[in-house]
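The numbers here are math on the coordinates, done by the rules we state, and not lab data. Computed from a prediction, not measured in an experiment: that's the story for all the values here. Reconstructed Cβ throughout: ideal geometry from the backbone, glycine too, with neighbour counts over all protein chains shown.
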Amino acid sequence: MERSGTTLGALIRALRQRHGWTLRQMSEKVGIPLSTLAKVESDKLSLTYDKLQQLTTRLGMTMAEFLAQDESARGATGPVVTARRSLASDETSIRVETPNYDYQYLCADLREKRMVPILARIRAHDLGEFGELVHHQGEEFIYVLEGAITVHLQFYTPIVLRVGQGIYLDSTMGHAYVAKDCESALVLAVCSAEDAELDRELIQLVENELQDVTASREPPDD
């Protein structure tokens, strides 16, 4: 009986055979028990996302490269579905508050994401309040939900965005967002990168900002 679509087992088997590895050799390379790998190849067992990430990392591949490694193996019906999901709610969010911004990192229960969705309440009104332009890996999309913002970019003149407007940009370029003609603005930001640690990097940037604010408020030593 033929399957209607390519399975995870078929992808792993095709990759192993292309390299000329035995099941035992591949098991040693990826750190997954031989018995488990055999069951996955025969479609009697699947792998958790963490284990699949371990497999691709130890083989020096990204997840995207693994899923697209052989179009003929994948067939015409599309890639393997890993069935990951996370509902955006208070229970699955991480909130970080700073004097100039409130960040709500959505779907925080889902680790190793390639996209990081964030709701941000912007209170800073100029670059003096914001501080230095921010740089980080990847790309991002900003969409204004309430109020208006001025977008400052390293290589462009500032632009004002109002409700219903957005901008897509290269995050490695210096950038900053400040509220325009309103007490505060609410935006939805979606950041993306190949690095699965992007969400932690973004949170670390906010924590660094908080540390800088705290240090500036401490009284000088006598």
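Once the Cβ-Cβ distance of Thr98 and Glu65 is raised to the sixth power relative to R0 = 35 Å, the FRET efficiency obtained is 0.40. Determine the gain in length on full extension of the stretch Glu28-Asp43; use 0.36 nm per residue of separation and subtract their C-alpha separation, reporting nm with one decimal. Here the answer is 3.4 nm. Between the amide H of Lys180 and those of Ala148, Ile149, Thr150, distances stay under 5 Å, these residues lying 5 or more places away or on another chain, with hydrogens modeled in the peptide plane. A simple rule links phi to the HN-Hα coupling: the Karplus curve 6.51 cos²θ - 1.76 cosθ + 1.60 with θ = phi - 60°, which for the range 123-128 gives 10, 4, 10, 7, 5, x Hz, with x for Gly and Pro. Return the whole-Å distance between the Cα centroid of the range 8-44 and the Cα centroid of the range 87-105. Measuring centre to centre over Cα atoms gives 40 Å.
The stretch between Phe141 and Thr172 holds 9.8 nm of extra length on full extension. This uses 0.36 nm per residue minus the Cα-Cα distance. For Lys113, the lysines whose Cα comes closer than 17 Å to its Cα, not counting residues fewer than 8 places off in the same chain, are Lys51. Couplings for the range 26-41, taken from phi via the Karplus curve 6.51 cos²θ - 1.76 cosθ + 1.60 with θ = phi - 60°, read 5, 4, 5, 6, 9, x, 10, x, 4, 5, 5, 4, 5, 5, 5, 4 Hz in order; Gly and Pro are left as x.
In order along the range 11-16, phi translates into HN-Hα couplings of 5, 5, 4, 5, 5, 4 Hz, rounded to whole numbers, per the Karplus curve 6.51 cos²θ - 1.76 cosθ + 1.60 with θ = phi - 60° and x for Gly and Pro.
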